[in-house]
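Only one structure is covered here, and it is reproduced in the block below.
The values are calculated or read from the model by the stated rules, or taken from the named source; none is laboratory data. Just so it is clear, the model here is predicted, and its values are computed rather than measured. FYI the Cβ positions are ideal-geometry reconstructions off the backbone, even for glycines, and counts take in every protein chain you see.
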Amino acid sequence: MIVELGHFALITAFAVAIVQMVVPMIGAWRRWTGWMAVASPAATVQVLLVGFSFAALTYAFVTSDFSLKLVTLNSHTDKPLLYKVTGVWGNHEGSLLLWVLILALFGAAAAWFGGQLPATLKARVLAVQASVGVAFYAFILFTSNPFERLAVPPFNGEDLNPLLQDPGLAFHPPFLYLGYVGLSMAFSFAVAALIEGRVDAAWGRWVRPWTLAAWLFLTIGIALGSWWAYYELGWGGFWFWDPVENASFMPWLIAAALLHSAIVVEKREALKSWTILLAILAFGFSLIGTFIVRSGVLTSVHAFANDPERGVFILLILGVFTGGALLLYAFRAQALEAKGVFGVVSRESALVVNNLLLAVSCFVVFIGTIWPLVAEMAFDRKLSVGPPFFNAAFTPFVIALAIVLPLGSILPWKRGRWDGLRKMVPVAVLALALAGLTWALQTGRSLGGPLGVALGVWLVVVAGVDLASRTGRGDLRARLGRLTRLPRADWGKALAHGGLGITIFGVAALTAWQLEKIEVLDVGDRMLLGKYEIVLEDVSRVQGPNYISTLAQMHVYEDGRDIGILPAEKRIYPVAQMPTTEAGIDNGFTRDVYAVIGDAQQGGGFAVRVYIKPFANWIWGGAIIMALGGLISLSDRRYRVAAGAKRKKVPAGLPAE
C-alpha cells in the first residue's frame with residue numbers, strides 16, 4: 001500500500017510541476033499577481049510529494065519488499081542496513097527519483113528564501129525550474145518507473161553491485177546530484193533573466209549563492225569519488241579520466257568559471273552575456289553527464305547499465321533545454337550591454353583569463369571524453385582516449401590557471417598598474433627557490449614534483465598575502481583584530497585558493513615520487529621497497545555479513561621501525577558473484593603505504609603489490625579546504641539571495657516588458 005501511495009504521489013507531483021511551469025509564466029507575462037503567486041505553494045507541495053515518494057521507496061528497500069522489481073534487482077536480506085538504504089539510489093530508477101527530489105528541493109528553497117526577488121523574476125525562475133522537473137518526471141514515469149511490481153516475488157533479491165557497498169559510495173552520489181541539480185538554479189535564473197530582460201548587479205548577487213552551493217557539493221562529491229577509487233578499486237590511483245569521472249569534473253570547471261564571472265557582473269556590471277552563457281552551459285554539462293552515465297554509450301565502472309533507448313530520452317531533454325536556452329540567448333544576448341569598462345591590468349582582466357582557461361580546459365576534457373563515441377559513429381573506428389591524452393592536454397591549463405588565479409584577488413578593480421604586482425615578487429622568488437631545492441634533492445626525476453611545489457606555494461602564500469593586505473597598516477595587534485573582522489567571503493576565497501594549491505601539490509608529488517613493486521610472496525616472506533620492509537604475516541579466509549574474504553596481514557617496517565599491520569582483502573560476494581579489493585593503507589601526513597593482496601599463484605604464494613605514495617592525503621585535504629572555503633563564503637550574509645535584492649535593480653540593455 002505504501003509503495004502504491006508513493007507511486008501516486010510521484011504522479012501527483014508531475015501534475016503539480018506542470019501547473020508550476022505554466023501558470024506563473026503566464027502570470028509574469030500578463031502581470032497577474034494571483035497567477036504568479038501560484039509558484040511558491042506549488043514548489044512546496046511538489047517537494048513534499050516527491051519527498052513522500054522517495055520515503056516510500058526507501059521503506060520498500062529497508063523492509064526488503066521483493067514484490068518491487070527494483071528492490072529485487074538491487075537488494076538482499078543479508079545486506080547491511082546502510083547499503084539497503086543506499087541501494088535506493090544505487091541504480092538507475094532510484095537515482096532518478098533522488099534527482100527529482102533534489103530538483104524539487106532547490107525549487108522550494110528558491111520559493112522559501114527568495115522573498116525579496118522581484119515578483120516577475122521569481123515566478124519565471126520557479127516556472128523554468130518546474131519545466132526541468134516536468135521533463136524528468138516524464139522520463140521516470142514513462143521509461144524508468146521505480147515502483148514497478150513483480151507478479152511473482154522471489155524469496156530473495158539479487159543484491160546491490162558490491163562496488164557500491166562502501167561508505168564512500170554511500171554518500172558520493174547524493175553530493176554529486178546536489179551539485180548537478182544545483183546548477184539547474186543558475187540555469188533557471190539565466191533563462192528567467194533573458195525572458196525578463198534584466199541582468200544587473202543584483203542578478204549577479206542572486207545567482208552566486210546557488211552556483212556556489214552547487215560547486216561546493218560537486219567538490220565534495222568528486223573528492224569522495226576519488227577517495228573511494230583510491231582505496232577500493234585496488235589499482236592505487238585517485239583519478240583515471242574515466243568518462244563518468246569526467247562527467248562530474250566538466251560541470252565543476254564551468255561552475256568555477258561561472259562563480260568568478262558572476263563576481264564581475266555583481267561588482268562591475270560587465271561580462272553579462274558571458275555569465276549568462278556560462279550558466280546555461282554549466283547545467284548543459286550536467287545533463288551531458290547524465291547522458292553519459294545512463295545511456296550505455298560509454299562504458300565505465302561507475303555507469304548504470306542501461307539500453308541506449310533511454311539515452312535518447314535524455315538526449316532529447318538535453319537538446320530541448322540547452323538548445324532552447326542557447327537559442328533564446330542568441331536572440332537576446334546582443335542586447336546585454338556591458339556597463340563596466342576596465343583596463344588590461346585589472347581584476348576584471350585576470351578574471352576573464354581565469355574564465356577562458358577554465359572553459360577551454362572543460363572543452364578539452366569534453367572532446368577527450370566524447371571522441372571515442374564520435375570516432376565510432378562517424379568513422380567506424382574503435383578508439384580509446386586514456387590518461388596520457390588528458391594529462392598532456394589538460395595539465396598546461398592547470399599550470400596557467402594556478403599562475404593567474406591569485407592575481408585576480410590582488411589586482412584592483414577597473415584599472416591597475418604593473419608595478420602594483422611588485423609585492424608578489426618575493427612570493428614568486430620563494431616558490432621558484434623551493435622548486436629549485438626540490439629539483440636538487442629529488443636526484444634527477446621529472447619536473448612535475450618541483451613544478452607542483454612552486455604552484456602550491458604560489459597559491460597558498462598569495463592567498464595569505466591577500467588576506468594580510470586587507471588588514472591595512474598599524475601594529476600587529478590591530479591588524480590581527482581587523483583580520484578576524486574581515487568578511488567571511490574573503491576568508492572563503494583565501495581557503496578555496498589555498499586548498500587548490502594544496503591539491504595541485506599533492507597530485508604532482510604523488511605522480512612524480514610514487515614507488516611501486518609487485519612480488520609473489522608466501523607467508524613469512526618479505527619485500528623491500530625504498531626504506532620500507534613489508535612482511536606477509538598471515539593469509540586467512542574470513543566470512544563477512546554478505547561476502548567471503550581472503551584477508552592478508554602485512555607487517556610494515558620503516559627504516560627498521562615497526563609501523564604496524566596492514567589488513568588487505570580480496571572479497572567475493574556470492575550472490576553477485578563479483579570480487580572487490582580492499583587495500584591495506586597506512587595513512588601518514590607525508591606518505592601512504594598502500595598494499596594490495598592478489599590471487600593465489602599456481603606455484604604457491606600470493607601476488608602482493610605495494611606502493612609508497614608521497615603526500616597522497618594532501619589531495620583530499622586540499623579538496624576539504626576548498627569545500628570549507630565555499631561553505632564559509634556561502635555563510636556570508638552579503639551573498640544570500642535576499643541581500644542582493646536590497647540593491648537598486650537597474651535594467652541593463654534588454655527592454656523590460
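Before we move on, is V520 part of a helix (DSSP H, G or I) and within 30 Å of L566 (Cβ to Cβ)? Answer is no for this residue.
Across region 524-562, which residue is nearest to P80 (Cα to Cα) among those that are surrounded by fewer than 16 Cβ atoms within 10 Å (Cβ to Cβ) and among the β-branched types (V, I, T)? Selected residue: I548.
Please return the ranges of strands (runs of 3 or more DSSP E) entirely within region 559-640 where 1 or more residues are touching a residue at least 24 places away in the same chain (Cβ under 8 Å) and in contact with a Ser or Thr (Cβ under 7 Å, 6 or more places away or on another chain).
Working: elements: 561-573, 578-582, 584-587, 591-600, 606-614.
Here the list reads 561-573, 591-600, 606-614.
In region 316-326, the count of residues that are over 30 Å from N145 (Cα atoms), crowded, with 21+ Cβ neighbours inside 10 Å, modelled with pLDDT of 90 or more and assigned by TED's automatic domain parsing to the domain that holds I254 is zero.
Among the numbered conditions (1) within 18 Å of A247 (Cα to Cα); (2) touching a residue at least 60 places away in the same chain (Cβ under 8 Å), the only one that A333 does not meet is (1). Candidates in region 461-503 are the residues that are modelled with pLDDT of 95 or more and β-branched (V, I, T); of these, the one that is farthest from F397 (Cα to Cα) is I502. Contact map, region 529-550: residues that are closer than 14 Å to P579 by Cβ paired with residues that are of a type in the set (K, R) and surrounded by 14 or more Cβ atoms within 10 Å (Cβ to Cβ), Cβ distance under 9 Å, separation 6+ or inter-chain. Pairs shown: G544/R571; N546/K79; Y547/R571; I548/R571; S549/K570; S549/R571; T550/K570; T550/R571. Taken together, V385, V353 contain a single residue that is modelled with pLDDT under 90, under 28 Å from V507 (Cβ atoms) and not small (G, A, S), which is V385.
Just to check your reading of the model, which residue among V461, V465 is aliphatic (A, V, I, L, M), surrounded by 14 or more Cβ atoms within 10 Å (Cβ to Cβ), free of Cβ contacts under 8 Å to residues at least 40 places away in the same chain and closer than 25 Å to V425 by Cβ?
Working: V465 fails: free of Cβ contacts under 8 Å to residues at least 40 places away in the same chain.
After applying the criteria, what remains is V461.
Screening R482 against (1) farther than 30 Å from N391 by Cβ; (2) surrounded by 16 or more Cβ atoms within 10 Å (Cβ to Cβ) leaves a single unmet condition, (2). G179 satisfies every condition listed in (1) in contact with a Leu (Cβ under 8 Å, 6 or more places away or on another chain); (2) closer than 30 Å to I518 by Cα except (2).
Answer yes or no as to whether S144 is surrounded by 23 or more Cβ atoms within 10 Å (Cβ to Cβ) and out of contact with any strand residue (DSSP E or B) (no Cβ under 7 Å at 6 or more places or on another chain).
Values: surrounded by 23 or more Cβ atoms within 10 Å (Cβ to Cβ): no; out of contact with any strand residue (DSSP E or B) (no Cβ under 7 Å at 6 or more places or on another chain): yes.
It is false that S144 is surrounded by 23 or more Cβ atoms within 10 Å (Cβ to Cβ) and out of contact with any strand residue (DSSP E or B) (no Cβ under 7 Å at 6 or more places or on another chain).
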